[in-house]
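Read through the structure below, which is laid out as structure tokens, and then see the notes.
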Amino acid sequence: QLQLVESGGGLVQPGGSLRLSCAVSGFTLDYYVMAWFRQAPGKEREGISCISSSGGGTKYAEIVKGRFTISRDNAKNTVYLQMNSLKPEDTAVYYCAARNWLKGCAVDNEYDWWGQGTQVTVSS
């Protein structure tokens, strides 16, 4: 069965960094676009970044450009999100998502497989 499991969340002070991981099982990562989303309390889920199946192309939501970096290691079936210069407004549950590569890389909500999420809290 298809499974996506996020890890790496936690409590960090403003200006700090975290690296999230998404471990994928049940399918090979080579033919899937991967993405990261987040959902803050009381808010709708929003797309923040995506990466092409080969890792050669990435896109970011404007609010995280210059601070977050998405990457993937297809051999390890793992996707990463490096988060730097974190702000309190980055506090949210972060989700990993996947879809077939033919659908392209975009920070929209049209992904087919989702992880359970990992909590990121940015606070002093």
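For the range 73-91, the criterion of being closer than 18 Å to residue 4 by Cα, open to solvent by less than 70 Å² (accessible area, probe 1.4 Å) and without any contact (Cβ under 8 Å) to a residue 40 or more places away in the chain is met by at least one residue.
The number of residues in the range 39-56 that are within 17 Å of residue 71 (Cβ to Cβ) and in contact with a Ser or Thr (Cβ under 9 Å, 6 or more places away or on another chain) comes to 5.
Looking at 54, 17, just one residue is hydroxyl-bearing (Ser, Thr, Tyr) and more than 20 Å from residue 113 (Cα to Cα), and that residue is 17.
So which residues in the range 1-30 are in a strand (DSSP E or B) and over 17 Å from residue 123 (Cα atoms), if there are any at all? Listed by number, the residues that qualify are 3, 4, 5, 6, 7, 20, 21, 22, 23, 24, 25.
Kindly indicate whether any position in the range 45-61 is open to solvent by less than 70 Å² (accessible area, probe 1.4 Å) and of a type in the set (D, E, K, R).
First pass over the range 45-61, keeping only residues open to solvent by less than 70 Å² (accessible area, probe 1.4 Å): 47-53, 55, 57-58, 60-61.
Add one more test, that the residue is of a type in the set (D, E, K, R), and what stays is none.
No, the conditions are met nowhere in the range 45-61.
Could you count how many residues in the range 66-110 are over 26 Å from residue 16 (Cα atoms) and either in contact with a Phe, Trp or Tyr (Cβ under 8 Å, 6 or more places away or on another chain) or of a type in the set (D, E, K, R) (or both)? Working first, answer last.
To start, the set of residues in the range 66-110 that are over 26 Å from residue 16 (Cα atoms) comprises 74-77, 98-106, 108-110.
Applying the additional criterion that residues be either in contact with a Phe, Trp or Tyr (Cβ under 8 Å, 6 or more places away or on another chain) or of a type in the set (D, E, K, R) (or both) yields 76, 98-101, 103, 108-110.
The qualifying residues number 9.
Might you check whether a residue that is in contact (Cβ under 8 Å) with a residue 60 or more places away in the chain and among the hydroxyl-bearing types (Ser, Thr, Tyr) occurs anywhere in the range 35-51? For the range 35-51, residues in contact (Cβ under 8 Å) with a residue 60 or more places away in the chain and among the hydroxyl-bearing types (Ser, Thr, Tyr): absent.
The values are calculated or read from the model by the stated rules, or taken from the named source; none is laboratory data. Since we're looking at a predicted model, the values are computed, not measured. Counting neighbours? That spans all protein chains shown, and the Cβs are built from the backbone with ideal geometry, glycine included. These accessible areas exclude ligands, DNA and RNA; they are computed on the full protein's heavy atoms, side chains included. Shrake-Rupley method; radii C 1.70, N 1.55, O 1.52, S 1.80 Å.
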